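Some notes on the structure that comes next.
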């Protein structure tokens, strides 16, 4: 479960930064980029607590 | 900026606040790299980057000045703070008590608590701008806004600040976790903003993009940027607040971990945020000295993810600030509960957040913050490195049984008063003040200690 969450989380991070990079090179429209980033935000915050240690 | 220094009174958690950290509790460097990277990517970075543009900083200043300033900050952390922290393994609070006496620590707490509240208020202001895109009729503050922009703004700040205060009442364990989880994602959102902006500006030439238009009034010099980057966290490194954190490090080399915070948060993130305003100046004709609120710029660049980033970045940094300010106030008044202290701190913070003047003057405010708090660190440096050689006692208050070391009070207040005079009446840039203030404080401390400081019976 943890490693699955970790891979999903890393995928979410990629989905946070790759779409803006594609937009920068005019390979992705702005709206699609924004929605992908928004979805990636949810995935990241759903998965990060599963595999990242909290810092109390 | 960042979360405030981890200066917490001994009442907080019972984690070796009044004793040397034992070997079994020490942590390796990895813990510190993550912590610094997370703590120094805050909501206020969205404000600081554009402020450099507003102040007419040149491209050289932003790219190379920030590089040098952040390097100096890292070196200060590594060779002063981490060195003392790993040798003594005490909190700033407890170390101060040994040197200055418990009663003087209360005064330091008052200064600390009030400054924390203003800092948290600036974070509330930044977070509240994320509400703007949902309520187009609500006027958002710009760099020249000093007063609340209207009832809607006041309500937004009160709700956001109130929510932060309520969470702070519960302690900040959960928020610390959220901050930890969100750090890598937040940093990428900053970079995403830069990617989008570079794509829109159709250029990767940062030197050209960051060059102010002809005729721009330069209000901050190259050295101003260097000193700002060096001393915007003066309270934490030179001021020794991070003794409380780095005392857990196995080796002083963990001080290098501050580089993660400086070069990701205070270099890459600031430049990314600065580019946002560059775009709005070039494509929307915004006056750089007036600026544009972070919420509108970030929403325009990356949408809802950016707005969530602004709120989380503000929340995760303001919340511990309110919590620590509450502890500081609690430490001052015997019998006050932590909840009461936190409510007072939260109310002050909301008040400061409603007035955008604090956030919009962040470049000056953080300099003053360091000016007030850094001199205390200079006294600790003297105590650690020079006291015995100069013939003054180490930990004098503790050894003499004194509750109030007047030598520390005068050595602290005199340079700070002179610095405030220079800032107020001669327009000295606030970030130039912490270093001379700290040096003057160190010299005065030696002189006053020899003249009338508390003397241990055996000394």
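The values are calculated or read from the model by the stated rules, or taken from the named source; none is laboratory data. Remember, it's a predicted structure, so these values are computed and weren't measured experimentally. Note that we place each Cβ from the backbone using ideal geometry, even for glycine, and neighbour counts take in every protein chain shown.
Given the residues B:303, B:346, B:331, which is the only one that is at positive phi and in contact with a helix residue (DSSP H, G or I) (Cβ under 8 Å, 6 or more places away or on another chain)? It would help to see each step written out before you state the result.
Values: B:346 fails: at positive phi; B:331 fails: at positive phi.
Going through B:303, B:346, B:331 in turn, just one is at positive phi and in contact with a helix residue (DSSP H, G or I) (Cβ under 8 Å, 6 or more places away or on another chain): B:303.
Run down B:293, B:287, B:300 and say which single residue is more than 14 Å from chain A (Cβ to nearest Cβ) and free of Cβ contacts under 8 Å to residues at least 40 places away in the same chain.
Values: B:293 fails: free of Cβ contacts under 8 Å to residues at least 40 places away in the same chain; B:300 fails: more than 14 Å from chain A (Cβ to nearest Cβ).
B:287 is the lone residue from the list that is more than 14 Å from chain A (Cβ to nearest Cβ) and free of Cβ contacts under 8 Å to residues at least 40 places away in the same chain.
Residue check: is residue B:190 surrounded by fewer than 16 Cβ atoms within 10 Å (Cβ to Cβ) and within 14 Å of chain A (Cβ to nearest Cβ)?
Taking the combined requirement at face value, the residue does not satisfy it.
Determine whether residue A:49 is facing chain B (nearest Cβ under 9 Å), under 21 Å from residue B:308 (Cα atoms), assigned to a helix (DSSP H, G or I) and modelled with pLDDT under 95. Before you say what the answer is, go through the steps one by one.
Details: facing chain B (nearest Cβ under 9 Å): yes; under 21 Å from residue B:308 (Cα atoms): yes; assigned to a helix (DSSP H, G or I): yes; modelled with pLDDT under 95: yes.
Criteria met by residue A:49.
Of A:30, A:8, which residue is surrounded by 15 or more Cβ atoms within 10 Å (Cβ to Cβ), more than 10 Å from chain B (Cβ to nearest Cβ) and farther than 20 Å from residue B:38 by Cβ?
Values: A:30 fails: more than 10 Å from chain B (Cβ to nearest Cβ).
Criteria check complete, one pass: A:8.
May I ask you to verify whether residue B:255 is buried (at least 24 other Cβ atoms within 10 Å of the Cβ), assigned to a loop (DSSP other than H, G, I, E, B) and touching a residue at least 40 places away in the same chain (Cβ under 8 Å)? Show your work before the answer.
Working: buried (at least 24 other Cβ atoms within 10 Å of the Cβ): yes; assigned to a loop (DSSP other than H, G, I, E, B): no; touching a residue at least 40 places away in the same chain (Cβ under 8 Å): yes.
Spelling it out, it is not the case that residue B:255 is buried (at least 24 other Cβ atoms within 10 Å of the Cβ), assigned to a loop (DSSP other than H, G, I, E, B) and touching a residue at least 40 places away in the same chain (Cβ under 8 Å).
Cβ-Cβ under 7 Å, sequence separation 6+ or interchain: first residue in segment B:68-81 and surrounded by fewer than 20 Cβ atoms within 10 Å (Cβ to Cβ), partner part of a helix (DSSP H, G or I) and at pLDDT 95 or above. Which pairs?
Close Cβ pairs satisfying both conditions: B:68/B:226; B:72/B:230.
Of the conditions (1) under 24 Å from residue B:121 (Cβ atoms); (2) out of contact with any helix residue (DSSP H, G or I) (no Cβ under 8 Å at 6 or more places or on another chain), residue B:284 satisfies every one except a single condition; which number is it?
The one condition residue B:284 does not meet is (1).
Take segment B:146-175 and flag every residue that is out of contact with any helix residue (DSSP H, G or I) (no Cβ under 6 Å at 6 or more places or on another chain), in a loop (DSSP other than H, G, I, E, B) and farther than 22 Å from residue B:319 by Cα.
Pass one, segment B:146-175, residues out of contact with any helix residue (DSSP H, G or I) (no Cβ under 6 Å at 6 or more places or on another chain): B:147, B:149-153, B:155, B:159, B:162-163, B:166, B:170-171, B:173-174.
Now drop any that are not in a loop (DSSP other than H, G, I, E, B), which leaves B:147, B:149-150, B:170-171.
Listed by number, the residues that qualify are B:147, B:149, B:150.
Per-residue answers, yes or no, for (1) closer than 21 Å to residue B:196 by Cβ; (2) under 8 Å from the mean Cα position of the chain (by Cα):
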{"site": "A:6", "(1), (2)": "no, no"}
{"site": "A:14", "(1), (2)": "yes, yes"}
{"site": "A:17", "(1), (2)": "yes, yes"}
{"site": "A:31", "(1), (2)": "yes, no"}
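Just one of the numbered conditions (1) modelled with pLDDT of 95 or more; (2) more than 7 Å from chain B (Cβ to nearest Cβ); (3) surrounded by 15 or more Cβ atoms within 10 Å (Cβ to Cβ) is not true of residue A:14; which one?
Here residue A:14 clears every test but (3).
Can you tell me which residue is modelled with the lowest pLDDT among those in segment B:1-30 that are within 12 Å of another protein chain (Cβ to nearest Cβ) and surrounded by fewer than 18 Cβ atoms within 10 Å (Cβ to Cβ)?
B:13
Take the residues in segment B:199-215 that are within 29 Å of the chain's Cα centre (by Cα) and crowded, with 17+ Cβ neighbours inside 10 Å; name whichever of them is farthest from the other protein chains (Cβ to nearest Cβ). Before you say what the answer is, go through the steps one by one.
Going residue by residue through segment B:199-215, those that are within 29 Å of the chain's Cα centre (by Cα) are B:206-207, B:209-212.
If we keep only those that are crowded, with 17+ Cβ neighbours inside 10 Å too, we end up with B:206, B:209-210, B:212.
Details: B:206: 14, B:209: 13, B:210: 17, B:212: 23 Å.
Restricting to residues being within 29 Å of the chain's Cα centre (by Cα) and crowded, with 17+ Cβ neighbours inside 10 Å, the top hit is B:212.
Residue B:384 passes all but one of (1) under 23 Å from the mean Cα position of the chain (by Cα); (2) over 30 Å from residue B:288 (Cα atoms); (3) at pLDDT 95 or above; which number fails?
The one condition residue B:384 does not meet is (1).
Per-residue answers, yes or no, for (1) over 28 Å from residue B:147 (Cα atoms); (2) surrounded by 23 or more Cβ atoms within 10 Å (Cβ to Cβ):
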{"position": "B:325", "(1), (2)": "no, yes"}
{"position": "B:329", "(1), (2)": "no, yes"}
{"position": "B:335", "(1), (2)": "yes, no"}
{"position": "B:344", "(1), (2)": "no, no"}
{"position": "B:352", "(1), (2)": "no, yes"}
{"position": "B:357", "(1), (2)": "no, no"}
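So which of B:234, B:229 ends up being in contact (Cβ under 8 Å) with a residue 60 or more places away in the chain, more than 9 Å from every other protein chain (Cβ to nearest Cβ), part of a helix (DSSP H, G or I) and within 30 Å of residue B:433 (Cβ to Cβ)?
Details: B:234 fails: part of a helix (DSSP H, G or I).
Answer to the check: B:229.
Quick grid of which residues meet (1) within 14 Å of chain A (Cβ to nearest Cβ); (2) without any contact (Cβ under 8 Å) to a residue 12 or more places away in the chain; (3) surrounded by 16 or more Cβ atoms within 10 Å (Cβ to Cβ):
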| position | (1), (2), (3) |
| --- | --- |
| B:124 | no, no, yes |
| B:138 | no, no, yes |
| B:142 | no, no, yes |
| B:149 | no, no, yes |
| B:159 | no, yes, no |
| B:179 | yes, no, yes |
| B:186 | yes, no, yes |
